[in-house]
Amino acid sequence: MGITLFSAGEIARLRRAGRAAAETLAFVGDKIRPGIATKQIDLWVREDTKRRGGKPSQLGYRGPPGTPPFPAAVCTSRNEVVCHGIPNAQEILLPGDIVNVDVTTELDGFHGDTSATFVLGGVAAASAEARHVVDVARRCRDAGVAAVRDGARLGDIGAAIAELARAEGCSVVRDFGGHGIGRRMHEDPHVPHHGVRGAGMRLKAGMCFTIEPMINLGRAEIDVLPDGWTVVTADGRLSAQFEHTVLVTKDGCEILTLL
Ligand code: MF3
Ligand code: CO
Ligand code: CO
């Protein structure tokens, strides 16, 4: 259960995987528009990941025993879907929808993981509520990233996120967190998006993990749909998420999925 401290050579490969994932997410971000099906996003991610010499880590991914392998190359999580939404040819994006696109790429044996929530039709098409939850989710992710440095604690990250969410009248999903990443998509440690400052594991330069808070407009509780993957808010209200992969450094962190 040790946490990997990556060597300089491994860090170079983590950087390339992170950059590839970020570039594929940007590729989707340039093309996404109202009228497309979420299945189109899956096709774009397959095409662009392959072009970069990578593989979509999520395709066929095995979750908890008893759940089917994830059937797509990307998660597309629209409106009240919190995470792990499955792209679908019948699911057409409409102006004012919000959709999180979560890209994980394996390149040269290492993984990079990043996501963003897009507002369909531009901010003018979105409700004030949609704009708010998307804005808060992005700021929460960035507040978590800002808490990362050698010697800080995992609880510092979670506390920064949860305090901001609460101040903005939103809630933080507790059932899922960030995760260590490297030769596997999901490694130790688990990175909670709530916590107590000064508590939890101490961060060390050379650790690599994701920060990916799921922020709800209403209550934090979630349900999982019968497909075994799709996570929705229990109250049916909107949820948004942003994710970066970060490498801990002496005086802060390097965001591996920032272009
Ligand atoms: N990329 C997701 C994460 O941030 C992983 C989803 S697992 C899947 O951890 F199987 F649903 F794709
Ligand atoms: Co992740
Ligand atoms: Co992800």
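The values are calculated or read from the model by the stated rules, or taken from the named source; none is laboratory data. Please read these numbers as outputs of a predicted model, since none were measured by experiment. Quick reminder, even Gly has a Cβ in these numbers, built from the backbone with ideal geometry, and neighbours come from all protein chains shown.
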*Single unsatisfied condition, Gly121 versus (1) touching a residue at least 60 places away in the same chain (Cβ under 8 Å); (2) surrounded by 24 or more Cβ atoms within 10 Å (Cβ to Cβ)*: (2)
*For the stretch 210-235, name all the residues that are touching an Asp or Glu at 6+ places or on another chain (Cβ under 8 Å), within 16 Å of ligand 3 (Cβ to nearest atom) and either free of Cβ contacts under 8 Å to residues at least 40 places away in the same chain or in a loop (DSSP other than H, G, I, E, B) (or both).*
Glu212
*List every residue pair whose Cβ atoms lie under 9 Å apart, where the two residues are 6 or more positions apart in sequence or sit on different chains, the first residue falls within the stretch 236-247 and is over 12 Å from Asp135 (Cα atoms), and the second residue, located anywhere, is among the basic types (Lys, Arg) and away from ligand 3 (no atom under 15 Å from the Cβ).*
Arg237/Arg219; Leu247/Arg15
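Yes or no, residue by residue, for (1) of a type in the set (A, V, I, L, M); (2) away from ligand 3 (no atom under 15 Å from the Cβ); (3) not in a helix (DSSP H, G or I):
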site: Ile11; (1), (2), (3): yes, yes, no
site: Ala17; (1), (2), (3): yes, no, no
site: Thr24; (1), (2), (3): no, no, no
site: Arg33; (1), (2), (3): no, yes, yes
site: Asp48; (1), (2), (3): no, yes, no
site: Ala72; (1), (2), (3): yes, no, yes
site: Gly85; (1), (2), (3): no, no, yes
site: Pro95; (1), (2), (3): no, yes, yes
site: Thr105; (1), (2), (3): no, no, yes
*Out of the residues in the stretch 126-145 that are among the small types (Gly, Ala, Ser), in a helix (DSSP H, G or I) and free of Cβ contacts under 8 Å to residues at least 60 places away in the same chain, which is surrounded by the fewest Cβ atoms within 10 Å (Cβ to Cβ)?*
Ala128
*Is at least one residue of the stretch 193-201 within 16 Å of ligand 1 (Cβ to nearest atom) and in a strand (DSSP E or B)?*
no
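Of all the residues that make up the stretch 119-143, how many are within 16 Å of ligand 1 (Cβ to nearest atom) and either out of contact with any Leu (no Cβ under 9 Å at 6 or more places or on another chain) or of a type in the set (Asp, Glu) (or both)? Spell out the reasoning first.
Restricting attention to the stretch 119-143, the residues satisfying the condition of being within 16 Å of ligand 1 (Cβ to nearest atom) are 137-138, 140-141.
Then keep just the ones that are either out of contact with any Leu (no Cβ under 9 Å at 6 or more places or on another chain) or of a type in the set (Asp, Glu) (or both); that gives 137-138, 141.
Counting residues in the stretch 119-143 that are within 16 Å of ligand 1 (Cβ to nearest atom) and either out of contact with any Leu (no Cβ under 9 Å at 6 or more places or on another chain) or of a type in the set (Asp, Glu) (or both) gives 3.
Here's the yes/no breakdown for (1) surrounded by 24 or more Cβ atoms within 10 Å (Cβ to Cβ); (2) at pLDDT below 95:
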{"site": "Gly2", "(1), (2)": "no, yes"}
{"site": "Arg33", "(1), (2)": "no, no"}
{"site": "Ile36", "(1), (2)": "no, no"}
{"site": "Trp44", "(1), (2)": "no, no"}
{"site": "Cys75", "(1), (2)": "yes, no"}
{"site": "Ile92", "(1), (2)": "no, no"}
{"site": "Leu107", "(1), (2)": "no, no"}
